[in-house]
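Report on the structure given below.
The values are calculated or read from the model by the stated rules, or taken from the named source; none is laboratory data. The shown structure was predicted, so the numbers you read here are calculated from the model rather than taken from an experiment. Note: ideal-geometry Cβ built from the backbone for every residue, glycine included; neighbour counts use all protein chains shown.
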Amino acid sequence: MYNALYCNNIFLNFLGRECMLRIIISKIKKQGLLIPLAILMALVGCGKPTDHVEVGQALLAQGKVEDASIEFKKAIEKNPDSAEAYFCLGNIYVKRQELEKAVTYYRKAIDINPQYVDAYKRLSETFVEMGSPDTVFDRKYNAIEEDPGDPMARIDLGVLYHKWDQTRNAITEYEEALKLDPDNPFIYYNLAVAYQDMNLFEDKAIPLYMKTIELKPDFDNAHYNLAVSYLKSNRLEEAMTEYKRTLEINPNYAPVYVDYGMIQLKEKNFDEAMKHYDKALEIDPDNVEAYYQKGIVYAFQENYEEALKMNRKALEINPKHINSQFNIAVVYHKKGNLKRAIAEYDLTLELDRNYQDAYYNRGQIYASLGNRPQAYGDYIAYSKILKAKTGKEAAALALRGVEDKEQVQRYMIPSFKDWILEQE
């Protein structure tokens with residue numbers, strides 16, 4: 001876990017490769033009727049329980065967007081399974097032009113009620129409004145053609161490539177930007193993030209973060225990402241120094257406490273890990289990684305219900321947090337609920353068709369059930385993806401003869417997904 005890219009004086013979080021929908025859109029005409037104050041008061045009066053959705057809709061019809069948003073959030077607090085409340089919040093974020101947030105809420109409404117037709121329609125409309133990748137690319141690329149000497153245009157295109165997981169193209173654009181503006185610390189920062197993505201810490205990411213800090217000493221994100229790079233390079237003492245410096249600059253930098261927790265988790269100091277995760281959530285109640293890591297602790301302690309609860313909370317905040325989805329599948333796998341585990345691995349692969357561990361673990365289940373064709377298919381998929389990513393042949397190829405039950409059993413220990421634990 002490390003922090004975001006810099007683009008045009010803002011930080012952009014990127015989630016990796018995003019699936020684009022094939023959209024068939026139909027336009028819906030909605031009447032915007034003002035509701036008299038007397039009717040609004042009738043909704044909340046007479047001693048009846050407040051219907052926050054209805055109140056919110058009435059406020060929204062009067063153009064009181066912020067007040068309506070508060071009511072819809074109250075509705076969700078009262079009933080977390082209110083698909084209509086999530087749908088209405090999606091409409092709020094469309095009005096605010098925060099389209100990615102709108103997409104999150106429409107999807108949540110659909111998760112709760114898969115038959116929610118209006119939510120599907122509004123989701124499609126929102127994706128159309130966001131524009132296709134080609135449209136966005138053309139806009140960014142045309143900016144460079146119009147002004148080849150503008151470094152920010154290069155940075156913007158680099159960030160776009162980075163969000164699409166085209167890291168090498170992103171690096172090319174950042175390097176071109178650096179030629180135009182060699183003293184810009186944020187270009188060095190983005191280059192460092194790109195190389196960090198490629199796990200090139202010692203020769204690339206670390207020196208670039210150090211150059212960023214030289215130009216902008218109080219840049220908390222640079223200190224934090226430098227700490228992460230040190231940690232991944234097994235340079236714990238230097239990592240702790242940079243974590244400490246990050247908190248000196250910004251005492252409310254929640255990801256530092258998440259990483260402190262992961263360091264304790266690696267040593268199986270579960271109580272200490274939990275203290276750090278709780279501190280992160282005290283600072284940032286929507287910190288996805290803190291919930292995700294708490295789920296790992298609970299799973300190691302075989303408190304599977306709490307593990308499921310934490311991972312579901314992480315997905316509620318970020319429906320694309322694939323490691324949480326994967327770990328939900330692993331929990332059901334460990335509990336022996338194999339049918340549910342397969343369904344959850346399926347959901348993992350819906351988020352990312354190249355998530356090789358989901359194929360591997362699902363193949364384990366099929367092998368244990370004697371379903372040789374399905375097991376074989378999953379192991380082959382796992383092997384191909386792993387070889388494409390690392391150039392290494394996968395151990396799963398040895399499982400083509402799944403009749404050997406002892407050999408199969410050696411591979412039937414699903415593991416929780418977390419980068420710091422993978423170092424062991």
Looking at region 244-260 only, could you name the residues that are without any contact (Cβ under 8 Å) to a residue 12 or more places away in the chain and assigned to a helix (DSSP H, G or I)?
Lys244, Leu247, Glu248
Looking for something in contact (Cβ under 8 Å) with a residue 40 or more places away in the chain and either touching a His at 6+ places or on another chain (Cβ under 6 Å) or surrounded by fewer than 19 Cβ atoms within 10 Å (Cβ to Cβ) (or both) - is there at least one such residue anywhere in region 275-296?
no
Answer from Ala329, Ala314 - the residue that is in contact with an Asp or Glu (Cβ under 9 Å, 6 or more places away or on another chain), more than 27 Å from Leu236 (Cβ to Cβ) and crowded, with 24+ Cβ neighbours inside 10 Å
Ala329
Might you check whether a residue that is buried (at least 24 other Cβ atoms within 10 Å of the Cβ), of a type in the set (Gly, Ala, Ser) and either in contact with a His (Cβ under 7 Å, 6 or more places away or on another chain) or in a helix (DSSP H, G or I) (or both) occurs anywhere in region 195-206?
yes
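Every residue in region 156-174 that is free of Cβ contacts under 8 Å to residues at least 24 places away in the same chain and basic (Lys, Arg), please. Don't jump to the end; show me each part of the working.
First, the residues of region 156-174 that are free of Cβ contacts under 8 Å to residues at least 24 places away in the same chain: 157, 161, 166, 168-169, 172-174.
Answer for region 156-174, where residues must be free of Cβ contacts under 8 Å to residues at least 24 places away in the same chain and basic (Lys, Arg): just Arg168.
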Which residues, taken from region 58-69, are among the aliphatic types (A, V, I, L, M) and either surrounded by fewer than 20 Cβ atoms within 10 Å (Cβ to Cβ) or more than 18 Å from Glu125 (Cβ to Cβ) (or both)?
Ala58, Leu59, Ala61, Val65, Ala68
Per the filter on region 178-228, residues more than 24 Å from Gly149 (Cα to Cα) and under 20 Å from the mean Cα position of the chain (by Cα) are Tyr195, Gln196, Asp197, Met198, Asn199, Asn221, Tyr224, Asn225, Val228
Members of region 81-140 that are on the phi < 0 side of the Ramachandran plot, modelled with pLDDT of 80 or more and outside any helix (DSSP H, G or I):
Asp81, Ser82, Arg96, Glu98, Asn113
I'd like the full set of residues that are polar (S, T, N, Q) and under 28 Å from Gln301 (Cβ atoms), limited to region 238-275.
Gln264, Asn269
Those residues of region 313-366 which are of a type in the set (D, E, K, R) and within 13 Å of the chain's Cα centre (by Cα) amount to Lys313, Glu316, Lys320, Asp352
Single condition Asn337 does not satisfy, out of (1) under 19 Å from Lys108 (Cα atoms); (2) surrounded by fewer than 18 Cβ atoms within 10 Å (Cβ to Cβ):
(1)
Thr212 - would you say it is within 29 Å of Asp352 (Cα to Cα) and assigned to a helix (DSSP H, G or I)?
no
Residues satisfying the stated conditions in region 70-92, i.e. under 21 Å from Lys313 (Cα atoms) and crowded, with 18+ Cβ neighbours inside 10 Å
Phe72, Ala75, Ile76, Ser82, Ala83, Glu84, Ala85, Tyr86, Phe87, Cys88, Leu89, Gly90
Which ranges mark the helices (runs of 4 or more DSSP H) fully within region 331-424 that have 2 or more residues being of a type in the set (Lys, Arg), farther than 23 Å from Glu305 by Cβ and at pLDDT below 95?
372-390, 405-410
